[in-house]
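The values are calculated or read from the model by the stated rules, or taken from the named source; none is laboratory data. Small disclaimer: the values here were computed from a predicted structure and weren't measured. Methodologically, a virtual Cβ is constructed for each residue, glycine included, from the backbone with ideal geometry; neighbour enumeration extends over all protein chains shown. To get the accessible areas, we keep the full protein, side chains included, count just its heavy atoms, and leave off ligands, DNA and RNA. Shrake-Rupley method; radii C 1.70, N 1.55, O 1.52, S 1.80 Å.
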Amino acid sequence: MSESSFQDDVLGELGDDKLTEIAGLLGTDTAGAKETVAETVGAMTGDLQQKAAADDADGAEVRQAFAEVAEPPLEGVAAFGGLGGLLSGGMMAGVLAKVSKPVANAVSKKTGIPAATISRVIEMLIPVVLAVLAKRASGKAPGAGAAGSAPGTPGTPGTPGTPGAAPGTSPAPGGGLGDLLGQILGGGKK
């Protein structure tokens, strides 16, 4: 069975109702909305990976946000309560908000859709992206790869002291967290 892409996971989590709402916002059909969402999510994940690799304050913030996402046992979009729930998305919600303007501008240039419209789509996508990140970090998403099972600990949910812990989720810089980023986001831009 092949791993699903991060974009596919976001589209799956988004659901038909939100996709139809995005299509209406874009003035297109659901196929056009899927294409725009995939393009936008690809740009967001590419930007996040690039920032995480940087050895500066932004890079440190992104790495810390990913470490935070890997810890909480959040489930689905409902865990974030829609747009008002961005506050409960913690540091990653702030990181996604920071990358939203450059991503909107890049997607706008590529697609011809106004940046303001792409920004509204991104606002709708942030809680969904947060949910997918949390699922992938916990190993519950189809594309999460090996993030959910550490060597020598086959599927031991409920083990005291390790609720949903995944390998490499310690806030140690480099190696483990870099591997976690790759597992959570997948192969990068589409």
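Just to verify a result, which residue in segment 2-26, among those that are among the charged types (D, E, K, R) and within 13 Å of the chain's Cα centre (by Cα), is least open to solvent (accessible area, probe 1.4 Å)? So the residue we want is D9.
Kindly indicate whether K135 is at pLDDT 90 or above and in a helix (DSSP H, G or I). Considered against the rule, which asks whether it is at pLDDT 90 or above and in a helix (DSSP H, G or I), K135 comes out as no. Of the residues making up segment 96-116, those that are open to solvent by 50 Å² or more (accessible area, probe 1.4 Å) and assigned to a helix (DSSP H, G or I) number 10. Residues being modelled with pLDDT of 90 or more, surrounded by 20 or more Cβ atoms within 10 Å (Cβ to Cβ) and farther than 25 Å from G139 by Cβ are represented in segment 43-57 by at least one member.
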